[in-house]
1. Enumerate the calculated ³J(HN,Hα) couplings along region 122-138 in order (Karplus 6.51 cos²θ - 1.76 cosθ + 1.60, θ = phi - 60°), each rounded to whole Hz, writing x wherever the residue is Gly or Pro.
2. Which of the listed residues, His267, Ala84, Ile9, is farthest toward the dipole's positive end in the chain, when Lys, Arg count +1 and Asp, Glu count -1 at the beta-carbon?
3. List every residue whose amide H lies under 5 Å from the amide H of Leu159, counting only residues 5 or more places away in sequence or on a different chain, with H placed 1.01 Å from N in the peptide plane.
4. List every residue whose amide H lies under 5 Å from the amide H of Arg110, counting only residues 5 or more places away in sequence or on a different chain, with H placed 1.01 Å from N in the peptide plane.
5. Which of rounded, prolate, oblate describes region 5-181, given a ≥ b ≥ c as roots of the alpha-carbon gyration tensor eigenvalues and a/c under 1.5 marking rounded, otherwise prolate only if a/b is larger than b/c?
6. How many angstrom lie between the C-alpha centres of region 266-281 and region 1-23?
7. Would you look at the GNM of the chain, springs on alpha carbons closer than 10 Å, and say which of Gly43, Gly52, Gly241 moves the most?
8. May I ask you to list the residues of region 104-140 whose amide nitrogen lies under 13 Å from a point 7 Å from Cα along the Cα→beta-carbon direction of Val181?
Amino acid sequence: MTQPFQFGIVQAIKRPAIKPVSTTWERFCKALESPKTRDTKDGPGAVFATFGKLWRNRENVRTVTAIAYDLEAQPGGPAIPAPAAIAEDLRGLGLAFAVWTTYSDRPEARRIRVVLPIEEGLAPDLLRAAYLLPLRYLPIIDPAMLDATCAEPARMMILPAVPAERAAAYECFHSAGDWLVGASLESVATVALQAEKDAAAAKQRRFQPGPLSGRESVIESFNRDHPVEEILEASGYKRRGKKWVSPNSHSGQAGVIVKDGRAYSHHSDALGDHFWHDPFDLYAKLHHGGDKRNAAAALRGRI
């Protein structure tokens, strides 16, 4: 592949200034073979994208240049395979790839990163829909192994580093095979995204409340019939693993958690008031500016 491999470098997690890099895939992979030795995990990282404004923010991403997976064992989830086994399967598919172990990797708790470059890149809005497509042909990686927050266009992936006492344990594999075809990913992802939008619209139509009897508790009836997940989805929130991301989020990070039928938001949005919310609270907050009287009246069909 003669196409240059383009990405951005940031110096640390909380230092969002981007330094653009254009190199060959082979040189990028060669650099991965020599991890930095340091006492802390944080340090320089790669954002696999090109940028308009050189600042790590999803709104500044022009094109996604690679699909990157962060494999980490989840509670009750499948065991993470060895890096060599992942590399062997990727070679069998003839794909270009880079696989390496992270600063936190341990034999009893594997933490592995996998990067697959994309020919001609991918529109950032399609990354989430395209994110799992390569795994259809790579069953060794179960989606349950993935850190779902990596399906974000401006996600930073810390470049290889190890603590001094574990330098000998570092593993890295790479290949100069075929890149993922951006046009093919775009075609399939567009269809999948439209199907998702259609399904969300159908759920939103179901979500529209109907009139209730005056003898029935509006709040109890609504809480029984409409789980918080349904209201979040109908209001534009997107699920990211076990969390949800606000439609108004600038960082793209998932900050809404759901527990015991209620939702709590770490976002600075309509829900970010430091309280847990049941379904009726969510409905009132997101559709009536927090006015519970108007919300209840709307549910009874009075306005």
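A short reminder: the numbers here are calculations on the coordinates, not readings from a lab. Treat the numbers as computed from the prediction; the structure is a model and nothing was measured. Cβ sites come from the backbone with ideal geometry, for glycine too, and all protein chains shown count toward neighbours.
1. So the J values, rounded to whole Hz, are 9, 4, x, 5, 9, 4, 4, 5, 8, 4, 8, 4, x, 6, 4, 10, 9.
2. The listed residue farthest towards the positive side: His267.
3. The list, which skips near neighbours in sequence, is Gly45, Ala46.
4. Correct list: Ala73, Ile80.
5. Rounded, since a/c falls under 1.5.
6. Rounded to whole Å, the Cα centres lie 36 Å apart.
7. Gly52
8. 119-120, by backbone N distance to the label point.
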